[in-house]
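Have a look at the structure below before the remarks.
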Amino acid sequence: MVVPSPTKNRSVKARATGLPIIDLSGDRSHVRELIVEACEDYGFFKVINHGVPKEIIARMEQEGVDFFEKPASKKKQAGPPNPFGYGSKNIGFNGDMGEVEYLLLHTNPVSISQSSKTISNDPTKFSCAVNDYIEAVREVACEILELMAEGLWVPDKTVFSSLIRDVDSDSLFRLNHYPPINTCNDWDTSPSLPQLQFQNSRLGFGEHSDPQVLTILRSNNVGGLQISLDNGVWVPVPPDPTAFCVIVGDAMQVLTNGRFMSVRHRALANSFMGRMSMVYFGAPPLHAWISPLPEMVTPQKPCIYRPFTWAEYKKAAYSLQLGDNRLNHFTRR
Ligand code: GA4
């Protein structure tokens, strides 16, 4: 089965223009065209002027900083992440490792307030910060998904956003902390920062695509995120704490019958400063069926994927390793 690949287009464009940055406050018909183009060419773009109040972002960031500053023994009380809670170095259940510690939460408010007792000395403040952040970022995700549907000329503009707006949505929220990799002892002999980025980087979170529909990622002012344009070419994403990175997930690739590509990405822990990212993964309810939209299937572009439920896809994702290509298991034979 040959899956359409825009990789040639992607590498040529990225070298010429850099990664797309889209101003969400711009003219709607133009914005939706830019979004479709970015999803076809990269499966990735940044949005600015997204409308999420700085205060909501700052409160969530402070909660994350406070948590990761705690002693390891305290943080461990919020784990293990099976599937939600605190984790360190281990990613998933099949032996993947990285220089990262994290908190993985469901976006369902009830579970947030339950787990927050072990996460924060002030669980109500923590829950409020998380709930406010998730609500605001979900709105941005829904707006982007509606612009995508409009840009693809799909008659029902809520066809994607309704999946993550559903009360049973299986969406997740993740705080990742990539601690600085250098100790003070390295200062005397350490090379300059640009050299250091190449010499001393360690894998924080290995190469993978996100299984969900859409990911909205925000990080502090420390670089480390990279996206893969084609085999072996990694493009660093410059950090911008005022922007959100938008990442197309596997489910979106299926819904668009391969027109949008889920982008492979990774995070390096490579600087003197710790990096913290706050990541919202917009997912359908477990029982929802995922299959290419009829509008995306034509005689020229026959249906690539077989229908499956989100629960089935999730199970497959957790049975495989981080870097494995899960979509291969769901192509039509
Ligand atoms: C990648 C995207 C999200 O961070 C995540 C990850 C999940 C985990 O860390 O537990 C997975 C990974 C992610 C994809 C494959 C499986 C599942 C680890 C792993 C090896 C929370 C998710 O939904 O999928």
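Can you name the number of the only condition in (1) modelled with pLDDT of 95 or more; (2) open to solvent by 50 Å² or more (accessible area, probe 1.4 Å); (3) not hydrophobic (A, V, I, L, M, F, W, C) that residue 114 fails?
With (1) modelled with pLDDT of 95 or more; (2) open to solvent by 50 Å² or more (accessible area, probe 1.4 Å); (3) not hydrophobic (A, V, I, L, M, F, W, C) applied to residue 114, the lone miss is (1).
Would you check if residue 43 is in contact with an Asp or Glu (Cβ under 8 Å, 6 or more places away or on another chain), of a type outside the set (D, E, K, R) and open to solvent by less than 30 Å² (accessible area, probe 1.4 Å)?
Considered against the rule, which asks whether it is in contact with an Asp or Glu (Cβ under 8 Å, 6 or more places away or on another chain), of a type outside the set (D, E, K, R) and open to solvent by less than 30 Å² (accessible area, probe 1.4 Å), residue 43 comes out as no.
Go through 271, 291 for me and flag whichever is modelled with pLDDT under 95 and among the polar types (S, T, N, Q). If you could, list the steps in order and put the result at the bottom.
Details: 291 fails: modelled with pLDDT under 95.
Only one candidate qualifies: 271.
If you check every pair at least six apart or on different chains, which have Cβ atoms under 7 Å apart with a residue in the range 317-333 that is farther than 12 Å from residue 96 by Cβ and open to solvent by 80 Å² or more (accessible area, probe 1.4 Å) first and a residue that is at pLDDT 95 or above and of a type outside the set (Asp, Glu) second?
As it stands, the answer is 329/316; 332/303; 332/304; 332/305; 332/306, since those pairs meet every condition given.
Do we find a residue being exposed (fewer than 12 other Cβ atoms within 10 Å of the Cβ) and of a type outside the set (Phe, Trp, Tyr) anywhere in the range 59-71?
There is at least one residue in the range 59-71 that is exposed (fewer than 12 other Cβ atoms within 10 Å of the Cβ) and of a type outside the set (Phe, Trp, Tyr).
Looking at the range 272-297, which of its residues are within 30 Å of residue 224 (Cα to Cα) and in contact with a strand residue (DSSP E or B) (Cβ under 9 Å, 6 or more places away or on another chain)?
Result: 274, 275, 276, 277, 278, 279, 280, 281, 282, 283, 284.
Say whether the condition of being in a loop (DSSP other than H, G, I, E, B), among the hydroxyl-bearing types (Ser, Thr, Tyr) and more than 15 Å from the ligand (Cβ to nearest atom) is met by at least one residue in the range 106-115.
Among the residues of the range 106-115, not one is in a loop (DSSP other than H, G, I, E, B), among the hydroxyl-bearing types (Ser, Thr, Tyr) and more than 15 Å from the ligand (Cβ to nearest atom), which makes the answer no.
Just the residues that are in contact with a strand residue (DSSP E or B) (Cβ under 7 Å, 6 or more places away or on another chain), of a type in the set (A, V, I, L, M, F, W, C) and within 11 Å of the ligand (Cβ to nearest atom), please, taken from the range 53-102.
Selection gives 84, 91, 97, 100.
The values are calculated or read from the model by the stated rules, or taken from the named source; none is laboratory data. This one's a predicted model, so the numbers in the text were calculated from it and none came from an experiment. Because the Cβ atoms are built from the backbone with ideal geometry, glycine has one as well, and the counts that use them run over all protein chains shown. These area figures cover heavy atoms from the full protein model, side chains too; ligands, DNA and RNA do not enter into them. Shrake-Rupley method; radii C 1.70, N 1.55, O 1.52, S 1.80 Å.
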